[in-house]
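Step one of this worksheet: look at the structure below.
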Amino acid sequence: MSPFEALQLPNGQVLPNRIAKAAMEENMADGNQAPSRELKQLYKAWADGKPGVLITGNVMVDRRAMTGPGGVALEDEQHLASFREWADVARSNGVHFWVQLSHPGRQTPANLRQQALAPSAVALDLGGFSKMFATPKAMTEDDIQDVIQRFATSARLAEKAGFTGVQIHGAHGYLLSQFLSPLSNQRTDRWGGSLENRARLLLDVIRAVRANVSPAFCVSVKLNSADFQRGGFAEADARAVVEMLNPLPIDLLELSGGSYEAPAMQGEARDGRTLAREAYFLEFASQLATIATMPLLVTGGIRRLPIVQQVLDSGVAMAGIATALTLEPQLIQHWREGRDPNPQLKPIDWKRKPLASLAILAVVRYQMRRLSRGHLPKANVAPCMALVRDQWFLARRTRQYRAAMTQSSH
């Protein structure tokens, strides 16, 4: 099967090819947490490469629950015109454009001064970096129902703005993923305990989203293959959750892995297992492809066309590319023309792993900011410099966010 072959989804929509631009954290909202001019320019650069589908970075369902101060939030119609402009950018090239809907749960930065919500009052364990995140409170039944409704509302608004689908983020240690993990979910009610109970929130969110959008609108899910922590959400759990998802109207299932505590999505695993340098999660995804009734998308380090072909040959329907597209936004177009560049960042092997993870994110965001201003990427940027600039940028945005939230509460 060719990477440039169309893929028909279960709801009848057709993706023009088998290569997705996977989600990355842009932190490029304007002062209203709406899409900025720079964010639209960034997606224009990616849309020009004509992937099968563009998936946004985190779009939050609640502006009080952010993964970062420059994040986009979609909770009402106030800035819908800006979202419509964002959707139009990609649609002009005939590209599918999906909004990744997310809630950080306990992965809420402490300096945003918001009350973090989580299944249980279990804080992140990042050693000396743990204080960077808010101490969470266990969610009440009302909190849980509010979150379900927020995902549904954001999906309805995304369709109204002209996006062609949403991706429900149930991976990377965010809220829905926290409910799935026995390490972060220690509840004894119907939302905790057995895997069936721990998966209830994800399933209820999917059903609520589907009920609030048209049948032609795509609903996808991002799920961890594992969270790479001993005693956490493991591959057997992922297999069981996929079987629970099979009867639901899901158009695409993306498999990833890891969390802030064990960032396997960056090629690191807390429990010491080695991850392949490209297509980290492919082996398990190809096993799941035999039981999943919906098409699968696998992401994680993919940057070369032969690896994309390997993904498709393994029975997985799509390959997702992220970091490589910040270094070469026209990568997919180059592949169409018979070229196969190998864009990659230099590995950052600092001893303090959480700091190295922050530096990787900073380098990726540095490239995205260059693209958003119409500049070419700069692959050889020094990680220290990128990290300092990123922290300065985030500190400034944090002050703006806190001021805006204080103003809106008066």
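Within segment 321-367, the residues that satisfy the criterion of being among the hydrophobic types (A, V, I, L, M, F, W, C), in contact with a helix residue (DSSP H, G or I) (Cβ under 7 Å, 6 or more places away or on another chain) and over 15 Å from Arg303 (Cβ atoms) are Ile348, Trp350, Leu358, Ala359, Ala362.
Do the conditions hold for Gln107, that is, is it within 30 Å of Gly192 (Cβ to Cβ) and touching a Gly at 6+ places or on another chain (Cβ under 7 Å)? Judged against the criteria, Gln107 is a match.
If the requirement is being in a loop (DSSP other than H, G, I, E, B), in contact (Cβ under 8 Å) with a residue 24 or more places away in the chain, closer than 28 Å to Ser314 by Cβ and not aliphatic (A, V, I, L, M), which of these qualifies: Gly70, Gly49? Of the residues listed, the single one that is in a loop (DSSP other than H, G, I, E, B), in contact (Cβ under 8 Å) with a residue 24 or more places away in the chain, closer than 28 Å to Ser314 by Cβ and not aliphatic (A, V, I, L, M) is Gly49. Which of the residues spanning segment 379-410 are open to solvent by less than 90 Å² (accessible area, probe 1.4 Å) and of a type in the set (Lys, Arg)? Listed by number, the residues that qualify are Arg396, Arg397, Arg402. Inspect all residues belonging to segment 12-23 and state whether any of them is part of a loop (DSSP other than H, G, I, E, B), open to solvent by less than 10 Å² (accessible area, probe 1.4 Å) and in contact (Cβ under 8 Å) with a residue 12 or more places away in the chain. Within segment 12-23, one or more residues are part of a loop (DSSP other than H, G, I, E, B), open to solvent by less than 10 Å² (accessible area, probe 1.4 Å) and in contact (Cβ under 8 Å) with a residue 12 or more places away in the chain.
Within the option set Asn32, Asn58, being buried (at least 24 other Cβ atoms within 10 Å of the Cβ), at negative phi and polar (S, T, N, Q) holds for one residue only, Asn58. All conditions but one from (1) assigned to a helix (DSSP H, G or I); (2) farther than 24 Å from Asp30 by Cα apply to Arg370; the one that does not is (2).
Does Glu26 count as among the acidic types (Asp, Glu), under 30 Å from Pro295 (Cα atoms) and assigned to a loop (DSSP other than H, G, I, E, B)? The answer is yes for Glu26.
Report yes if Thr108 is of a type in the set (Ser, Thr, Tyr), touching a residue at least 40 places away in the same chain (Cβ under 8 Å), within 27 Å of Ala208 (Cα to Cα) and open to solvent by 10 Å² or more (accessible area, probe 1.4 Å), otherwise no. No; evaluated as a whole, the condition is false for this residue.
Within the bounds of segment 228-246, is there any residue that is in contact (Cβ under 8 Å) with a residue 12 or more places away in the chain, part of a helix (DSSP H, G or I) and within 16 Å of Val99 (Cβ to Cβ)? There is no residue in segment 228-246 that is in contact (Cβ under 8 Å) with a residue 12 or more places away in the chain, part of a helix (DSSP H, G or I) and within 16 Å of Val99 (Cβ to Cβ). Of all the listed residues (Asp88, Asp125), the sole one being closer than 27 Å to Ile19 by Cβ and open to solvent by 20 Å² or more (accessible area, probe 1.4 Å) is Asp88. The residue of segment 335-370 that is modelled with the highest pLDDT, among those that are surrounded by 18 or more Cβ atoms within 10 Å (Cβ to Cβ) and over 19 Å from Leu387 (Cβ atoms), is Trp335. Each residue in segment 91-118 was checked for being part of a loop (DSSP other than H, G, I, E, B) and of a type in the set (S, T, N, Q), and 6 of them qualify. I'd like to know if segment 245-256 contains one or more residues that are open to solvent by less than 10 Å² (accessible area, probe 1.4 Å) and closer than 19 Å to Arg150 by Cβ. No, segment 245-256 has no match at all. Of the helices (runs of 4 or more DSSP H) lying entirely inside segment 133-203, those carrying at least 1 residues that are open to solvent by 30 Å² or more (accessible area, probe 1.4 Å) and not aliphatic (A, V, I, L, M) are 141-161, 195-198.
The values are calculated or read from the model by the stated rules, or taken from the named source; none is laboratory data. Everything numeric in this text was worked out from a predicted model, so none of it was measured. Here Cβ is always computed from backbone atoms with ideal geometry, including for glycine, and neighbour counts include all displayed protein chains. Ligands, DNA and RNA are excluded from the accessible area calculation, which covers all protein heavy atoms including side chains. Shrake-Rupley method; radii C 1.70, N 1.55, O 1.52, S 1.80 Å.
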